[in-house]
Structure formats: C-alpha cells, structure tokens
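The values are calculated or read from the model by the stated rules, or taken from the named source; none is laboratory data. Since the structure is predicted, the reported quantities are computational estimates derived from the model, not experimental observations. Note that we place each Cβ from the backbone using ideal geometry, even for glycine, and neighbour counts take in every protein chain shown. Side chains included, ligands, DNA and RNA excluded: accessible areas come from the protein's heavy atoms. Shrake-Rupley method; radii C 1.70, N 1.55, O 1.52, S 1.80 Å.
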Amino acid sequence: MHTVVLTKGVPDFREGQVSFDEDGHLERGKTPTVMNPNDQFALEAALQTRVRHGGRVSVMSMGPPGYKEVLQEAMASVYADDLFLVSDREMAAADTWATAITLSAGIEKLGEPDIVFAGFKTADGETGHTGPQANWCLDMPLVTHVISLDVDEEEGILRAKRLVEGDIEEIETVETSLPAFVVTDPEFVPSYRSAGHRLTLKDLRKETKERAEHYEDHLTVWDHTDVNLDPDYIGLDGSPTIVSSVDPIPKAPAEREATMVDPDDSEAMDDVLEAMQSALAGDAAAAGGD
Amino acid sequence: MTEYEHYEALVVGAGPGGAAAAATFANYGIETLVLERGVEAGSKNVSGGLIYAEESAPYTIDDLFPGFREEAAERPITTYRIHNIAGSKVESFDLTRLHEHDTEWSDAVLRRKMDSWLAERVHERTRETGGGLLTDVHVNGLLREDGKIVGVTTDELDPITADVIVAADGVNSELARDAGLMDWDEPEEWFQGVKAVVDMPADVIADRFDVGEDEGAAHLFSGDLFSGVRGGGFLYTNRESLSLGTVFHLDSLVAERAEPHELLDAMLTHPLLGQWLDEDYVEVEYSAKLVPDSKKVALREPHFGRLMVVGDAAGQMQAQGPIIKGMNHAVSAGALAAEAYAQAKSRNSPEDAGTLYAKKLKREGVMQKLRPQGYELMRGITERDSVTDLVDGVLTSSVGRFGIRALSGQLERLYNTPALSSMIPDTRTPYVTLPTVIAEELGTKIRETNDVSPPDLEARIENLTYDTDIGNPHITLLDNSFEASGAAVSACPVSAVDFGGGCYREEFVRTNGSEERVVSLDTQPCVECGTCAVVADTEWTHPRGGKGVEFNQG
C-alpha cells in the first residue's frame, strides 16, 4: 500500500514558543515553525496502514525551504519512508485553492497512491479546506472526520468510523473503494490488536529515529516545473481569496471579582451556598418573568 | 476452529525468569514472543535487591547475558553481616562465609535498570528468530480449546496461541492461578516485603560502609525492633543509593495487626542505623512486594499441559533465615523450562516438556534448595506451638541465657552453617526470640543517635508514579465486612488505620439504627503487591497494560 500524508508547517502556538507584537499580531520571525499538530493523526493513520499492509508512507508539504525541518519532524515523530517538499518562489502567498492545486499535482507525480491522508485543519489558517480541495482535483472518494480505519486489501475497500458532530455526537461507519482520500479527526486512534503488528511498529519506530537524523537522504524537493504547473495557477496569482485584514479579538477584562474560600471553612462555605442559591433564584425569577 | 495469531513459544513477563526463558528459546532458534505488562520491563518489578550466581546453578544470569554485572547491576556484595537487636543493644555476626557458600558472585540490583537492560537484549535476540518483546500488554488468562491450554488472552491484543507457554508473570501470576496451580488462600505461605530506596552519593557510601568502588555491603536486622512480628530487615548498598527494607511472614503481620510502613520506620530510625543514615535522609521510592515461601509453595510439578511456570509465579523464592534467594532460581528455572521444551521437541514429544522441566529442577538441585529436606523433616516438630513455647521458654530462662553465653564463641560459626539455615522453622524463635536473647546477653549498647525522619505514608504515595486506569479498578472487594476484609486496612502497605489516603479504609455505616463496621477500597494508590488478595476477600487482577503504579527504581 502506498499512502501519502499531507502536512504543513505552522507557528508553534504553545506557550513560551509563540510571540505576539503589541497589537496582538503574530510575530512569525520570532515564532518557531512546527508540524501542524493535527497532522500527527494523519501520520498515525498512515503508519497503521503501513504496519498492517506494508508498503510505503510518503509525506508531502508545500512551503518555503524551511519546511524541510517540518518534514523531518513528521519523520521523527511518527514515521515516513520518504519526504517531498514542493517549494518555489512562484508558490508563495498561496490561498487554500492554489495550495490544493499544487499538492494534487505533487500527488499525481507520485503515481497513484492507495490512500491520501490529511489532518483536520491547520493551527494557523483553521479553514479545513486544503485537504478536500486537493481531493477535488484528484477526484477520489473523500471521507472526513475519521476516528478509526480498517483496510481490506483483497476487496480494495476502506472501512472507516467517522465522527458526526451535531446536537448528539454520532459515530458513522462508512465503506468506500480504494484509492480514497481520508481526513483524520483529532480523535483518531490507531489500533494494533496483533502482536505481529506491534512488533513491526516497534521496528519502524526504532528505524525512523535513525532515518530522521539523515532525513535529507530521503527528501525530494520539487519546483513548479517538476510538477508541471503554470505559475498563473499557483501562489498569489492563482489565489482567488485574499486575506484583507486580521483583527485580534479583544481580550476579556483581566480583573474579575473573586473571593477565595477555604473548603474546610464551613461558615464561608455556607455563604457560597447562599450566594449560589440567590443567583439561581434570580435566574428562576427572570425566567418566570418572561 | 478460530484462526489465532500463533508463535511457537510465548513467555509472559519480562523479569529475570522470563528473560532467561526467552534467551534460551532464542538460543535454540525458537520463535518466541515475550509479553510484559509494564510500560517498560522492570517498571512493575520490585525485589529486595540481591541477585546471586550460584556455583552449583545450571544457569546464571551473566552466562545468559554477558555484560550483565557491568551494565545492569549495582555493587558486588563483599561484606555480609547480621545484627541481633534488643532495645539499644546489638550483637553482630559476620555472615560473609554463609553468603559466599556456593556463591560465584552476588550483586545488588535495582529492578527497573536491570530488567529494562535485560529486555532490550531479549527483544534483539527473540526478534532474530521471528518473535520479539512487547511492553504494555497485560496477559489476563489462558486460552483453552476442548479443555486444553492452547494460548493466552490479553487486555490489549486478540488471543494468541503457542506450542509452549512460559508463565513468568510474578508472584501474583494470573496464569498459575488460572491453571489451578496456585491460590491466594493462606497467609502462612507468603512473606510481604516493603522497601525504601534512599539516595546516597558514592563517596558517602564508600566512607560510611568502608567499601571500595567495586565493593558493597549487606546488613540484616532481627530481634525485638519489629514489635514481635516474625521477619527481619535488610540494607544493601547500590552504586548511589541504598535499598532498605523489611520482610515479614504475612500471617504474623495480620495476627499482630502491624502496619508494614511503621515496621520499616522502626528499622530506619533505630539507633544502629545512625552510623549509616543521617538527617539528610532522602527517600527516592517506597515499594512493596509479596514473596512466596518456597518451603511451602514451590510447585513440585510447575507445569500443566503446554504451560510451564517459573520464578515467583511457581513459588520459587528461597527465604530461609538469612538466606534470601529468588532471582537466581527464576533464571535457572526459566532457562531449564526452555531447554526442556527444546529437547522434548527434538525427541518429537513436545508434550513432555513440562514433565522434563520438573525433572530438571530436581536433577539440577534447584528443588532441593527451594524445599530443603531438613525443613520438611523438622517442620512437624519445630513448628508446633507447644514446641515453640517450650523452646522460647527455655531460651529466655536463665538456663537458655547461660547456654547462649556459653555458646558465644561458636554462635557466629553456627549462623554460618548452610544446613542449619535451611532448617530454620517459621516460628518466632529464630526471628525474634533467639536474636533478642543473643543481643541481651552478648550485645553492646549502641552509642550512635539516629536523626532520620522518614516520610509519612501520604508523602510516600505522593512520590510514586501512577497512570491510574480511572473507572476501571483492577481489584474488586467481594465482601466488604470488616471480618472478611478488615485485615487489609493494616496489612496493605499503602493503607493504615485512620489514614484516609490509602487503598483500604475502615468505615462505619449506619443502617436501620445499627452501625456496621465495613471496609472500603480505592485502588488508586495500589502498589500491586497482592497482599489484599490473600488477606481480604477480593477479586484480584493486575491493571491493564501500562496502567497502575510505575516503579522507577524497583
């Protein structure tokens, strides 16, 4: 089985890493770039497929040369057989559409993979567009919000459980033919119920640590000519959407009235109870007044 | 018939017994899968801390794993002493001769370091023959087909079948119990040990114990410091820490309603230990373990169908007075079990492996050490209450005291006699009365003061690492009446009377005007020793793979 995982570099939003200026704008120069956290689940799904059915996992990203390290992180944190970076000045400032076109061209150049995996939305853009849009170009069956996965190689079928969020959370089981495009949900959990699979997994994890140190031996970089794309359809020129402005959301007032209560102080706890009761009574009165 | 995943050999548990079995299987080219429930081998394992390589043993750990002593062990034990204590009087004997009897070498060990080192090598070697070692897998029972054992079931994986199964799953072996070979019924058949690992820099150890870089000391303690509970204490030097612990007969702990952690503290704070410990006492880890008494429970036929049982799981723990040997026998047994299967298979009768394994245990002298004839012969007499009372009466009388004084020059020699050690009865005489009288009659007063203040139980529990399986407790209290399960409140090493943060608590419940004394259970602080499986009415299993307590020293 050949699977391709799409990934993207995003600012490291973890506390202590991320840096904002006075107006609340992200300082990209001062914030390190890391692999989009949601892509971890896509990589786990690809690794599960690799462990159960063998084959190869390719990880692909579009972005500046600095994304090489993002690909290295993908290789080190989960697993990858080979890495592909589609990188070109012509691709800069692409929106999700132009990115999807570029990535789908990259995937097509790889041949005909059995499954393409993408994570559920990036931590910076939060659109969730790129995966499904890339698949629009590839024209494969698309399954999103996947939380568990089972491939029947003989039948050429993929069975997935997907999370349906609504008033009630539901889990839907779907079946589709291969090749297919899968977007993993952050609730995705790989499953290894056989000792043989776990031993293979252990081998691969060990192997991948060493490979990640020499990741450049496994990395291929392509520009727009390599993937046969017209510069008019990629990057800024190929982007129908433009972000016109970014406004920070005003912060909630930092100071609130708070009284600290010792739970062992029964008198103080009585006051708390009383305050809660009167608040509830107020709500009830307000409701009754409607 | 369902098609299951199959391996030729399956080893459950990655302690020294499992490691020895797996390495031996691999040496014979047999495809072997090893399943370990801890997050890492050793994370569930605790021992007092001395491993022996006996001259007479068929296998030793460094035969099977070259480099073991240099890379996985702590200090070689070069001094071995026992201290008889009465109040602040002590009479010490040098037991180095007994310690060195039949001993090629003996090293202090910490199990997390030791077992994880072994497991790495086991994985490499078993991988070469098509198997390997997996952690985080809890084997919870035997798989049977038409009433015959064919494999195992686990919490994490689909059932697995094997041509041969070695249960090296420790003192609380779920497989030995599933096979009907072991039970958790009689407190007389078990010891319970608790241990504190204490930080101490190498230069301080060298200074206080007068040992060189590759030397170490072992000290044993007995007498009146443990409130009459039958058992004793130990101190072993590691590279940069000390292992300090106490081991008691479980029936005696229960009878005296003693708190194990308080008995440990009685030793830690005794003036005798003031020469080694000071107010800078830093306890890195508190742990506990149930220990089988091989004299009573070592299985003479530790096998059933395709299943062979080794180590603590088969009761192969030799604790006879000052002789405490377990891991070495587990290594011998594990390797012999694998060897027996390989030989039986080459004779086209793999079904004879178990019988052959039991024969090898006898032929190689392992069984004689575990169940010494001297003990068997003497037990009928020496363990009668009337005899104990008589002997103790004589010992403590002026006649007995005169005898001890008269023997003073020879006592050390007698203590160093292996044949006598193997006959020591399980009564208060050798554990309490004799050492006390020796110290009273011959001892000298200790001048040192001891400024140690050990952490309380709450701090000890807080200091442990847990991955609690919330909502999925691994122990169920079947009868919560105080009569049935109250003994656990004090005997459980992480519970105590009037302590709300432990596993077992005593509670009074008012129903229909009358008050009932009951026991409640919270498995969160559990150290998985198995004590409550014996002394309380429970349904006891290990937690799921990777869950529960994680020992960093062990």
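Look at B:Thr444 and say whether it is open to solvent by 30 Å² or more (accessible area, probe 1.4 Å), outside the structural domain of B:Asn84 (by TED's automatic domain parsing) and in contact with a strand residue (DSSP E or B) (Cβ under 7 Å, 6 or more places away or on another chain).
On the way: open to solvent by 30 Å² or more (accessible area, probe 1.4 Å): yes; outside the structural domain of B:Asn84 (by TED's automatic domain parsing): no; in contact with a strand residue (DSSP E or B) (Cβ under 7 Å, 6 or more places away or on another chain): yes.
No.
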Item to check | B:Gly42 being more than 14 Å from chain A (Cβ to nearest Cβ) and on the phi > 0 side of the Ramachandran plot | outcome: yes
Item to check | Residue ID - farthest from the other protein chains (Cβ to nearest Cβ), chosen from residues in the stretch B:165-179 that are farther than 11 Å from B:Val12 by Cα and open to solvent by 10 Å² or more (accessible area, probe 1.4 Å) | outcome: B:Val171
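So that you can scan it fast, the table gives a plain yes or no per residue for (1) surrounded by fewer than 16 Cβ atoms within 10 Å (Cβ to Cβ); (2) farther than 23 Å from B:His270 by Cα; (3) more than 14 Å from chain A (Cβ to nearest Cβ):
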| site | (1), (2), (3) |
| --- | --- |
| B:Ile149 | no, yes, yes |
| B:Val152 | no, yes, no |
| B:Asp163 | no, yes, yes |
| B:Leu181 | no, yes, yes |
| B:Glu189 | no, yes, yes |
| B:Val197 | no, no, yes |
| B:Pro201 | yes, no, yes |
| B:Phe209 | no, no, yes |
| B:Asp224 | no, no, yes |
Item to check | Test: residue in the stretch A:110-123 that is open to solvent by less than 40 Å² (accessible area, probe 1.4 Å), in a helix (DSSP H, G or I) and touching a helix residue (DSSP H, G or I) at 6+ places or on another chain (Cβ under 7 Å) | outcome: no
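A:Lys209 - would you say it is basic (Lys, Arg) and either away from every other protein chain (no Cβ under 14 Å) or under 30 Å from A:Gln133 (Cβ atoms) (or both)?
Values: basic (Lys, Arg): yes; either away from every other protein chain (no Cβ under 14 Å) or under 30 Å from A:Gln133 (Cβ atoms) (or both): yes.
Here the answer is yes, as A:Lys209 does meet what is asked.
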Checklist entry - Checking B:Arg37 against (1) within 21 Å of B:Leu361 (Cβ to Cβ); (2) open to solvent by 10 Å² or more (accessible area, probe 1.4 Å); (3) not polar (S, T, N, Q), which single condition isn't satisfied? => result (1)
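Looking at A:Leu199, A:Leu178, A:Leu219, A:Leu204, can you tell me which residue is within 14 Å of another protein chain (Cβ to nearest Cβ), crowded, with 17+ Cβ neighbours inside 10 Å and touching a strand residue (DSSP E or B) at 6+ places or on another chain (Cβ under 8 Å)?
Within the list A:Leu199, A:Leu178, A:Leu219, A:Leu204, the selection yields A:Leu199.
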Item to check | Listing of helices (runs of 4 or more DSSP H) fully contained in the stretch B:342-401 that carry 2 or more residues being among the acidic types (Asp, Glu) | outcome: B:385-396
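Scanning the stretch A:181-196 for residues that are within 24 Å of the chain's Cα centre (by Cα) and within 14 Å of another protein chain (Cβ to nearest Cβ), which turns out surrounded by the most Cβ atoms within 10 Å (Cβ to Cβ)?
Residues of the stretch A:181-196 within 24 Å of the chain's Cα centre (by Cα): A:181-192.
The next check asks that each one be within 14 Å of another protein chain (Cβ to nearest Cβ); those that pass are A:189-192.
Values: A:Val189: 13, A:Pro190: 20, A:Ser191: 11, A:Tyr192: 18.
For the stretch A:181-196, the residue satisfying everything is A:Pro190.
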Checklist entry - Which of the residues that make up the stretch A:222-241 are at pLDDT 90 or above, open to solvent by 60 Å² or more (accessible area, probe 1.4 Å) and either of a type in the set (D, E, K, R) or in contact with a Cys (Cβ under 6 Å, 6 or more places away or on another chain) (or both)? => result A:Asp226, A:Asp230, A:Asp232
Item to check | Residue in the stretch B:47-59 that is within 14 Å of chain A (Cβ to nearest Cβ) and within 20 Å of B:Ser116 (Cβ to Cβ) present | outcome: no
Checklist entry - Of the residues in the stretch B:261-275, how many are touching a Phe, Trp or Tyr at 6+ places or on another chain (Cβ under 8 Å) and over 18 Å from B:Tyr286 (Cα atoms)? => result 2
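Tell me, which helices (runs of 4 or more DSSP H) wholly within the stretch B:183-296 include 2 or more residues that are touching a Leu at 6+ places or on another chain (Cβ under 6 Å)? First the steps, then the outcome.
Numbers: elements: B:202-209, B:250-255, B:260-268.
So the answer is B:260-268.
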Checklist entry - Mind checking which pairs have a first residue in the stretch B:123-134 that is within 8 Å of chain A (Cβ to nearest Cβ) and a second that is open to solvent by 30 Å² or more (accessible area, probe 1.4 Å) and assigned to a loop (DSSP other than H, G, I, E, B), Cβ under 7 Å, 6 or more apart or different chains? => result B:Gly131/B:Glu31
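Would you confirm whether or not the stretch A:146-161 contains a residue that is out of contact with any Lys or Arg (no Cβ under 9 Å at 6 or more places or on another chain) and buried (at least 23 other Cβ atoms within 10 Å of the Cβ)? Don't jump to the end; show me each part of the working.
Narrowing the stretch A:146-161 to residues out of contact with any Lys or Arg (no Cβ under 9 Å at 6 or more places or on another chain): A:154-161.
Retained after the next criterion (residues that are buried (at least 23 other Cβ atoms within 10 Å of the Cβ)): A:158, A:160.
Yes: the stretch A:146-161 contains one or more residues that are out of contact with any Lys or Arg (no Cβ under 9 Å at 6 or more places or on another chain) and buried (at least 23 other Cβ atoms within 10 Å of the Cβ).
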Next on the checklist: Pairs please, first residue from the stretch A:8-29 and among the hydrophobic types (A, V, I, L, M, F, W, C), second anywhere and at pLDDT below 85 and open to solvent by 80 Å² or more (accessible area, probe 1.4 Å), Cβ atoms under 7 Å, 6+ apart in sequence or on different chains.
Outcome noted: A:Leu26/A:Phe20
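Condition test on B:Val282, is it open to solvent by less than 40 Å² (accessible area, probe 1.4 Å), outside the structural domain of B:Phe482 (by TED's automatic domain parsing) and in contact (Cβ under 8 Å) with a residue 12 or more places away in the chain? Don't jump to the end; show me each part of the working.
On the way: open to solvent by less than 40 Å² (accessible area, probe 1.4 Å): no; outside the structural domain of B:Phe482 (by TED's automatic domain parsing): yes; in contact (Cβ under 8 Å) with a residue 12 or more places away in the chain: yes.
Here the answer is no, as B:Val282 does not meet what is asked.
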Checklist entry - What is the one condition in (1) assigned to a helix (DSSP H, G or I); (2) open to solvent by 10 Å² or more (accessible area, probe 1.4 Å) that A:Arg14 does not satisfy? => result (1)
Checklist entry - Where in the stretch B:457-516 are the strands (runs of 3 or more DSSP E), entirely inside, with at least 3 residues that are open to solvent by 40 Å² or more (accessible area, probe 1.4 Å) and at pLDDT below 95? => result B:504-511
Next on the checklist: Checking A:Thr122 against (1) more than 21 Å from A:Val86 (Cα to Cα); (2) away from chain B (no Cβ under 14 Å); (3) within 22 Å of the chain's Cα centre (by Cα); (4) of a type in the set (S, T, N, Q): exactly one of these is not met. Which one?
Outcome noted: (1)
